[in-house]
1. Output the number of residues of the range 2-29 satisfying the condition of being part of a loop (DSSP other than H, G, I, E, B) and either of a type in the set (Ser, Thr, Tyr) or on the phi > 0 side of the Ramachandran plot (or both).
2. Which of (1) farther than 30 Å from Arg125 by Cα; (2) without any contact (Cβ under 8 Å) to a residue 60 or more places away in the chain does Gly19 not meet, given it meets every other one?
3. Name the residues in the range 282-296 that are buried (at least 16 other Cβ atoms within 10 Å of the Cβ) and assigned to a helix (DSSP H, G or I), would you?
4. Cβ-Cβ distance below 8 Å, separation of 6 or more or different chains: which pairs start in the range 30-46 with a residue that is touching a residue at least 60 places away in the same chain (Cβ under 8 Å) and part of a helix (DSSP H, G or I) and end on one that is hydroxyl-bearing (Ser, Thr, Tyr) and open to solvent by 10 Å² or more (accessible area, probe 1.4 Å)?
5. Does Phe88 qualify as being in a strand (DSSP E or B) and among the aromatic types (Phe, Trp, Tyr)?
6. Can you pull out every residue in the range 60-79 that is assigned to a helix (DSSP H, G or I) and within 20 Å of Arg112 (Cβ to Cβ)?
7. Looking at the range 186-205 only, could you name the residues that are over 22 Å from Ser36 (Cα atoms) and either in contact with a Pro (Cβ under 9 Å, 6 or more places away or on another chain) or open to solvent by 60 Å² or more (accessible area, probe 1.4 Å) (or both)?
8. Kindly check whether there is at least one residue in the range 174-185 that is of a type in the set (Gly, Ala, Ser), part of a helix (DSSP H, G or I) and under 21 Å from Val99 (Cα atoms).
Amino acid sequence: MTVLTVGEAMALLDPHGDGVPGAGTSFTLRFAGAESNLAIALARLGVRVTWISRLGKDPFGDMIEDGLRAEGVDVSHVRRDDARTGLFLKWRGGEERGVAYYRAGSAASRLRPEDVPDEALAGVRLVHLTGITMAISETGRALVVDLARRARDRGAIVLFDPNFRPALPDTPEAAAGRQREVLPYVDWYLTGASEARLLWGDEEIPVRTVLRVGARGAVVDGVTVPPPREVAVVDEIGAGDAFAAGFAYGLLAGRPPAACAHAGNVLAAHALAGTGDWETLPRLADVAGELERLPA
């Protein structure tokens, strides 16, 4: 095993067409989640990756588990729960985007430290965690802190993406307060520029940080790494997860930070150019040339 990621995945109702959903709106049923998006992105690059979560014993849970397994993600530690699988829907129209979550009491909200046994960390080189898991429940918060600590003790690299979501609901102050507990165990904090301002204001983030800066690419160790090419943005959803996957791929390959950020930009560019949270993520054959041109 090379990468372990832990967190929520939900069923997604994606409407056909733009505008706020109403009576008669038709939807495509899919699934999404920051950690499962990253798991699929890495699996498509040929990386061995395990995703751990709790899913309901329901058709939504079946869809998510079967879908991840079909993508080559190890789901052997996923627990099936009597609670339901979470659901969300999103909509768009022009510059407007909306989302509504139905996750209260979900199976994933029951995630807790014991859901990740020590044997799941055997051979793991990198652990990826997000602030969403910390926000959905107190046991989820405890899981993230405990797993980050255990991963650090074993010498694994720990990546953390705050993934701040006001619609959880959550506040910047509460999110930053929770994250202070896990940051001592984090090697890399991956965040968007506006997200960082919301969470930390003028305060310096107390851990090594990669800052996504939109069309300018990413900033790491004071160096701005531009995107590999200009992209006509179709959908921004999932681009941050794709960037995290590319950055992790670079770290696993032993690349320097700027080269890792370049790999993140490569994957994010593909995500931005299509719709879907993970469906348009590239396979290794699609991006091998771009990844081989990683900057020194």
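1. As a first pass, look at the range 2-29 and keep what is part of a loop (DSSP other than H, G, I, E, B): 2, 7-9, 16-26.
Among the residues that remain, those that are also either of a type in the set (Ser, Thr, Tyr) or on the phi > 0 side of the Ramachandran plot (or both) are: 2, 7, 17, 19, 24-26.
Number satisfying all stated conditions: 7.
2. Gly19 satisfies every listed condition except (2).
3. So the first thing to find is which residues in the range 282-296 are buried (at least 16 other Cβ atoms within 10 Å of the Cβ), and the list is 282, 287, 290-291, 294.
Those that are buried (at least 16 other Cβ atoms within 10 Å of the Cβ) and assigned to a helix (DSSP H, G or I): Val287, Glu290, Leu291.
4. Between residues of the range 30-46 that are touching a residue at least 60 places away in the same chain (Cβ under 8 Å) and part of a helix (DSSP H, G or I) and residues that are hydroxyl-bearing (Ser, Thr, Tyr) and open to solvent by 10 Å² or more (accessible area, probe 1.4 Å), the close pairs are Leu42/Tyr249.
5. On the way: in a strand (DSSP E or B): yes; among the aromatic types (Phe, Trp, Tyr): yes.
Taking the combined requirement at face value, the residue satisfies it.
6. Keep residues of the range 60-79 that are assigned to a helix (DSSP H, G or I), which gives 60-70.
Listed by number, the residues that qualify are Gly61, Ile64, Glu65.
7. Taking the range 186-205 and keeping what is over 22 Å from Ser36 (Cα atoms), we get 193-194, 196-205.
Result: Ser194, Ala196, Arg197, Leu198, Leu199, Trp200, Gly201, Asp202, Glu203, Glu204.
8. Start the filter on the range 174-185 by keeping residues that are of a type in the set (Gly, Ala, Ser), which leaves 174-177.
When the remaining residues are screened for being part of a helix (DSSP H, G or I), the result is 174-177.
Now restrict to residues that are under 21 Å from Val99 (Cα atoms): 174-175.
For the range 174-185, residues of a type in the set (Gly, Ala, Ser), part of a helix (DSSP H, G or I) and under 21 Å from Val99 (Cα atoms): present.
The values are calculated or read from the model by the stated rules, or taken from the named source; none is laboratory data. Since we're looking at a predicted model, the values are computed, not measured. Using ideal geometry, Cβ is built from the backbone for each residue, glycine included, and neighbour counts are taken over all protein chains shown. Just the protein is used for accessible areas: all its heavy atoms, side chains included, with ligands, DNA and RNA removed. Shrake-Rupley method; radii C 1.70, N 1.55, O 1.52, S 1.80 Å.
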